[in-house]
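Single-structure report; data block below.
Every number here is computed from the coordinates shown, using simple stated rules; none is lab data. Keep in mind it's a predicted model, so treat the numbers as computed, not measured. Cβ placement follows ideal geometry from the backbone for every residue including glycine, while neighbour counts extend to all protein chains displayed.
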Amino acid sequence: MSWNPHSFRPAPPVPGCTRRAALQTAGACLAAGAAPWALAQGGASPPPTTLQIVGPWEFTSLSPASSGYMLLNLQVCETLLGADETGRPQPALAERWQVSADGLAWHFTLRSGARFHDGSRATAAVVVQSLQRAQKAPALLSNAPITAIMAEGDGAVLIRLSQPHNALAAQLAHYSTLVLAPESYGADGKVQRIIGTGPYRIRKLVPPQQVETEAFEGHDRPASTPAPAIRNVAYLAASRAETRALMVEGGQAHLAYGLDPASLRRLKRHAKVGIASVTLPRTVIVKPNTTLPGLRDVRVRRALSLAIDRAGIAQALMGDETLAATQLLPPALADWHNPALPPLRHDPEAAQRLLREAGWQRHCDGLRGPDGQPLALAIRTFLDRPELPLIATALQEQWRLAGIAIKVHIGNSGDIPMGHRDGTLQLALAARNYANVPDPAGTLAGDFSAKGGDWGAMGWHSDAVVQALAELMRSTPDARRAQALRATVTQTLQDELPVIPIAWYRQQVAVNRRLQGVSLDPLERSYRLTDMHWSNA
């Protein structure tokens, strides 16, 4: 018996989550005065005064480590370095940098005209203070072998290392290292206000759902670069994917992120809405707790993988069979995607053989181990990525056919790292961005360290993987050596499945056709608002 994607029926909707309820939810947001969502209609109407964006991501905290990715996307704040679409370091708040011959001293020259939104200068001393705050564990920069961060006059920053660390450039582009003005912090050292150096500044922030920004007149853009055509931006976090789709469909938003498959199909037929898409370095994964008796044995993890019809899930729930993951890292990460790996496959019979070898026998009520206990697990997922609950339900059915009882728990994304830390997590379904740090080695090193990671391994580690990633981050090996190190990582992850890949990911965003210049960042670092403008039609 096999799973038929064409007969798949998703789990029952959340009570009240109908089109009417979704519209009422959006209407309640409007009535609350969150932002001026009413848009001008008609062919000859003037362009809207405010760009309206709706997405699933909330401002859970003002700390850059928590919500810095949103401040980076909205171009409110900047990091010392940036990254291009391939992850290579680019100038940002630092206009240039230089590394000493021994790799232990990194010198950064700041943009001389950079100012914070309160008018104060972005001096080296202020940048040093922000970076020192970003070093506090468990922040990403705490993993770098930094011995000192110091100012060299007003316009340059020096970072000294105890050993070469090639990954520093990528870590300094991570959102947790955003540079904020001194007035952003309260007496207790916590962020009280967001004062950055980006081309937009905060006009209104009502966590966790609403933020309004305006173009910052004091931004030190090059003389040849015109001022942003989009002068005002309003972002609203709406938890339901259907609500987001209805808002852009009804003209209450210009950009809608995080679309569910059904709404996406409908919006593709809408005359006033276009769809922008980009393949992301993101993979839908299952994270198993390998400390559990039922998941410690690699044969069980391989059986779980073999029981998954990835092509059916990708076609039925993501609209594209080619998104079925054959390995963890997608083709979008060309240096890391390993074409030599035997692809992950769907083979229910092989799954049953492995389960029998591991001591699990089929009974009328499912699989039972030698001790008579059933193989019953709970999987946690969340709504931020609207495909995830549907994929969780599909996995539940496919694993049921294999004799494995699965309960699906849909909560918040924070439930997964919390469950990792307190040990209660059994399985988790998430969409992991492996270029969260622009160099994937940095993300992988965090996920598959000896201690594991919130979104990576749980109860599993490989010395070979840890050592290979450490060498890639520490130095710049020649091309052949780098390829061999990456192959060690990808082969081990494919063999031992500390996380189980399900599907690769394509970001699809609904765009009001009056909005021009829209392009999507494959690293999800920026909405690229300064590139956008309104059409006159």
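Rounded to the nearest Hz, the phi-derived 3J(HN,Hα) couplings of segment 232-242 under the Karplus curve 6.51 cos²θ - 1.76 cosθ + 1.60 (θ = phi - 60°) are 9, 9, 10, 10, 10, 8, 10, 6, 8, 4, 5, where x marks glycine and proline. For segment 50-55, putting each phi into the Karplus relation 6.51 cos²θ - 1.76 cosθ + 1.60 with θ = phi - 60° gives couplings of 9, 7, 9, 10, 10, x Hz, in residue order, rounded to whole numbers and with x for Gly and Pro. Simple spin-label estimate for Ala101 and Ala311 gives 5.7 nm between the two label positions (7 Å along the Cα-to-Cβ direction from each Cα).
Taking the fewest neighbouring Cβ atoms within 10 Å as the starting point, the ordered list for Trp534, Trp336 is Trp534, Trp336. Exposure proxy ranking for Asp521, Asp371, based on other Cβ atoms within 10 angstrom of each Cβ and starting from the fewest, stands as Asp371, Asp521. Using C-alpha pairs below 8 Å separated by at least 6 residues, the relative contact order for the chain is 20 percent. Dividing the mean sequence gap of close Cα pairs (under 8 Å, 6+ apart) by how many residues segment 152-287 holds gives a relative contact order of 11 percent. Computed over segment 99-144, the range of Cα coordinates on each principal axis works out to 35, 29, 13 Å, biggest value leading. Between the residues Leu178, Ala503, Gln90, the greatest Cα displacement towards the positive end of the dipole of the chain, with unit charges on the Cβ of Lys, Arg, Asp and Glu, is found for Ala503. The label-point distance for Glu349 and Thr322, in a model that sets each label 7 Å from Cα toward Cβ, rounds to 3.1 nm. Karplus-derived 3J(HN,Hα) values for segment 341-357, using 6.51 cos²θ - 1.76 cosθ + 1.60 with θ = phi - 60°, are 6, x, x, 4, 9, 9, 8, x, 5, 5, 4, 5, 4, 5, 5, 5, 4 Hz; glycine and proline are entered as x. Seen from every direction in turn and averaged, the convex hull around the alpha carbons of segment 77-184 projects onto 6.6 nm². When Lys and Arg each count +1 and Asp and Glu each count -1, what net charge do the other residues less than 13 Å away from Asp454, Cβ to Cβ, add up to? Local charge sum for Asp454: +2.
Taking amide H as placed 1.01 Å from N in the peptide plane, the amide H of Gln75 sits under 5 Å from that of Tyr527, each at least 5 places away or on another chain.
Extents of segment 301-382, taken as max minus min of Cα coordinates on every principal axis and listed largest first, are 46, 29, 22 Å. Under a 5 Å amide H cut-off, with hydrogens placed 1.01 Å from N, Arg282 pairs with Tyr434, Tyr505 among residues at least 5 apart or on other chains. Distance from the alpha carbon centroid of segment 373-428 to that of segment 196-267 works out to 31 angstrom.
If each residue of separation counts as 0.36 nm, what is the full-extension length gain between Arg362 and Thr476 once their alpha-carbon separation is subtracted? Before the final figure, lay out each step's value.
On the way: separation 114, 0.36 × 114 = 41.04 nm, distance 5.09 nm.
Using 0.36 nm per residue and subtracting the Cα-Cα distance, I get 35.9 nm.
Pairs of Cα atoms nearer than 8 Å and 6+ residues apart set the relative contact order; for segment 77-184 it is 34 percent. Placing a label point 7 Å from the Cα of Ala229 along the Cα-to-Cβ direction, the residues of segment 259-276 whose backbone N falls under 19 Å from that point are 272-276.
Have a look at the DSSP beta bridges in the chain and tell me what percent are antiparallel, nearest 5. Intermediate values should be presented prior to the final figure.
Values: 59 of 76 bridges.
Here the share of antiparallel DSSP bridges comes out near 80 percent.
Distance between the pseudo-spin-label points of Val408 and Asp188 (7 Å out from Cα toward the beta carbon): 3.9 nm. The convex hull drawn around the Cα atoms of segment 269-333, when projected onto a plane and averaged over every direction, covers 6.1 nm². Highest average first, the peptides 256-264, 394-402 ordered by how many other beta carbon atoms sit within 10 Å of their residues are 256-264, 394-402.
For segment 324-422, the equivalent ellipsoid built from the Cα gyration tensor has semi-axes of 27, 22, 13 Å, listed from largest to smallest. PRE reach from Ser535 (point 7 Å along Cα→Cβ): which of segment 481-524 fall under 11 Å by backbone N? Inside the label zone: 512-517. Exposure proxy shown here: for Asp454, Asp422, Asp118, the number of other Cβ atoms within 10 Å sets the order, fewest to most, as Asp422, Asp118, Asp454.
Its Cα centre serving as origin, the chain has a Cβ charge dipole (Lys and Arg +1, Asp and Glu -1) of approximately 1000 debye.
For Lys204, the lysines whose Cα falls under 24 Å of its own Cα, not counting residues fewer than eight places away in the same chain, are Lys190. For segment 277-356 versus segment 482-537, the spacing of their alpha-carbon centroids is 19 Å.
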